[in-house]
1. Which members of the stretch 14-28 meet the condition of being hydrophobic (A, V, I, L, M, F, W, C), modelled with pLDDT under 80 and surrounded by 14 or more Cβ atoms within 10 Å (Cβ to Cβ)?
2. Filter the stretch 51-83 for residues that are hydrophobic (A, V, I, L, M, F, W, C) and at pLDDT below 85 and give the result.
3. I want to confirm something. Restricting to the stretch 62-98 and keeping residues that are assigned to a strand (DSSP E or B) and of a type in the set (K, R), which single residue is surrounded by the most Cβ atoms within 10 Å (Cβ to Cβ)?
4. Of all residues being surrounded by fewer than 16 Cβ atoms within 10 Å (Cβ to Cβ) and touching a residue at least 12 places away in the same chain (Cβ under 8 Å) in the stretch 182-191, which is nearest to P93 (Cα to Cα)? Just the residue, please.
5. Among the residues of the stretch 1-56, write down those that are in contact with a strand residue (DSSP E or B) (Cβ under 9 Å, 6 or more places away or on another chain), of a type in the set (D, E) and over 27 Å from G82 (Cβ atoms).
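The values are calculated or read from the model by the stated rules, or taken from the named source; none is laboratory data. All of these numbers come straight from a predicted model, not from anything done at the bench. Note that each Cβ is placed from the backbone with ideal geometry, even for glycine, and that neighbours are counted across all protein chains shown.
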Amino acid sequence: NLEVITVGDLVAVVSETDATRIRPSRVNMSAHQRALEHIMMQRGAILPMRFGIIATNEAAIADQILIARADDLRAWLARMHGKQELGLKASWPRETLFAQARQHPDLAGLSPVTDVNSQIAVGQQVEAVLQQIHQETATQIWAMLEGTYVDARTNDQPLDETTSLNTALLIDAAAQDAFEAAVEACDAHFSGVLTFKLVGPLPVYTFVDLAIDLA
């Protein structure tokens, strides 16, 4: 059950627990996410806290967060007002990606190799070509999304070798339709080549740098 602690114009949404530590299990993380999404639907702008923060009592939350960090909280709420986070991933089918790579001048016409050193060298060539393909693809996507988002945080470590773009974007809620139209234009442009996955709206985890320590 969710409860609220209010100090002036600031509200903390909490739930009671007897635990001294909450395990980041799938069940607990899912419950945390559902609570955030529910609050977003009801209240609009929220500042999501790190999972597993536990206070000794309501007074600690009021004193150490809502009062002691009031200026920071209001500043971040103002900055995030009317904003929401979306996740965007663009991936290739593996067969299509490697077919594209084999057409690259650096790989076309390569003969099979058997010795270890040559295999390592070829592997490095393939990796470099894949990286180039991903960079060129991401550049095209960013160009098509230009002007539809406020900020972006890109994961420089892709989930796998088939992913060209894995990013979080901060957008104005009022501009969500325009952003989604741009993603649909990307999908049409890369039809049959890339698969786009759009997730959200999400709590603005990626764009809020607010450390809360109740230790």
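1. I22
2. F51, I53, I54, A55
3. K83
4. Applying the filter and picking the extreme gives H189.
5. Once the filter is applied, which keeps residues that are in contact with a strand residue (DSSP E or B) (Cβ under 9 Å, 6 or more places away or on another chain), of a type in the set (D, E) and over 27 Å from G82 (Cβ atoms), the stretch 1-56 yields only E16.
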